[in-house]
Amino acid sequence: MSDPQKKAGPEGTTSAESAEAHTVVNEHTVVQHPSSPVVTPDDFKAAFRNHPAGVAVITADAGDGPVALTATSVFSVSVAPPLLVFSISELSSSSPTIRRADTVVVHLLGADQLDIAKLGATSGIDRFADTSIWARLPTGEPYFPAAHAWIRGRIVNRMEAGGSTVVAVQALQTHAPDPGAAEADASQAHPLVYHNRTWHRLDEGSKIQ
């Protein structure tokens with residue numbers, strides 16, 4: 001998924017009552033029997049509407065200029081080796097560059113970085129026009145220094161899934177608040193969350209005892 005507003009869902013398939021519907025995912029055929037209702041994209045999005053997600057911005061440069069996109073699909077899958085996964089929509093203008101890139105930077109955002117999240121989610125603009133908010137790492141990748149935390153990683157696998165690409169990344173470098181700093185205290189952190197098409201700030205008031 002490239003933008004929170006455009007979360008990717010499976011494409012519905014219709015068929016005659018006497019035939020079975022088939023969808024190919026990663027070279028495996030998923031069979032849907034005629035008696036089963038067809039799940040439409042709107043049905044699928046509605047099911048996820050009340051499922052909140054953290055917000056990240058992914059940057060890359062495959063040699064023809066930097067790109068950035070906002071994603072709510074980032075999650076960790078392993079700590080040894082350190083692996084994370086995210087998905088990108090084929091509709092995003094940043095997707096072709098990320099598919100070609102060897103490395104990416106995944107920025108994990110706090111509420112104070114809402115401007116970066118909105119930047120990556122806005123289409124039709126030059127996301128790198130303001131040179132005061134981004135820089136390049138010594139290894140060349142574009143990144144936003146203001147992000148609460150970021151992970152530079154190498155793309156180790158890609159899987160086509162419907163109208164999206166699932167990307168697996170092995171972490172090569174991380175940056176996070178120093179232990180003992182106020183920003184590192186989970187009780188004082190204010191993560192940025194996307195829920196029901198709206199940005200939200202988590203704080204002590206949202207805690208359930």
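For this structure, a couple of remarks:
- In a fully extended conformation the segment linking Asp102 and Val156 would gain 18.6 nm over its present Cα-Cα distance, using 0.36 nm per residue.
- Estimated distance in nm for a label pair at Asp64 and Ala135, the labels positioned 7 Å out from Cα along Cα-to-Cβ: 2.9
- Among His51, His175, His107, His148, the ranking by other beta carbons within 10 Å of each residue's beta carbon, starting with the fewest, stands as His51, His175, His148, His107.
- Gain in span if fully extended, Ser76 to Asp43, counting 0.36 nm per residue against the direct Cα distance: 9.2 nm
- Estimated inter-spin distance, Thr198 and Thr174, nm [label 7 Å along Cα→Cβ]: 3.3
- Length added when fully stretched, Asp112-Ser93, from 0.36 nm per residue minus Cα-Cα: 4.3 nm
- Under the criterion of Cα pairs below 8 Å and six or more residues apart, the relative contact order for the range 53-196 equals 29 percent.
- Rounded to the nearest 20, the size of the Cβ-charge dipole of the range 53-196 about its Cα centre is 340 debye, with Lys and Arg at +1 and Asp and Glu at -1.
- Distance cut-off 15 Å, percentage of C-alpha pairs in the range 43-146 lying past it: 65
Each reported figure results from applying straightforward, stated rules to the coordinates on display, with no laboratory input. Computed from a predicted structure; not experimentally measured. Heads up, the Cβs are rebuilt from the backbone with ideal geometry, glycines too, and the neighbour counts pull from every protein chain shown.
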